[in-house]
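A quick write-up on the structure given underneath.
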Amino acid sequence: MKVIWVKLIIKILIWLIAEILLNLIGLDELADYSEFVDKKTVAVQIG
């Protein structure tokens, strides 16, 4: 159980650092794309 928390915290820290750095250099779209790629499923609405 402890390993899961460590992995979660590491993932969050990496995401947060990447988000801040990309926003500072003006690559907001790349940061948003990384969130899209990380998702396992995508909801699609038709009509």
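Read the figures in this text as sums done on the coordinates, not as results from a lab. Not measured: the values here are computed from a predicted model. Methodologically, a virtual Cβ is constructed for each residue, glycine included, from the backbone with ideal geometry; neighbour enumeration extends over all protein chains shown.
On full extension, the segment bounded by Ile46 and Val3 gains 11.5 nm, given 0.36 nm per residue less the C-alpha separation. Note on Ile10 and Ile25: their simple-model spin labels are 2.4 nm apart, each label 7 Å out from Cα toward Cβ.
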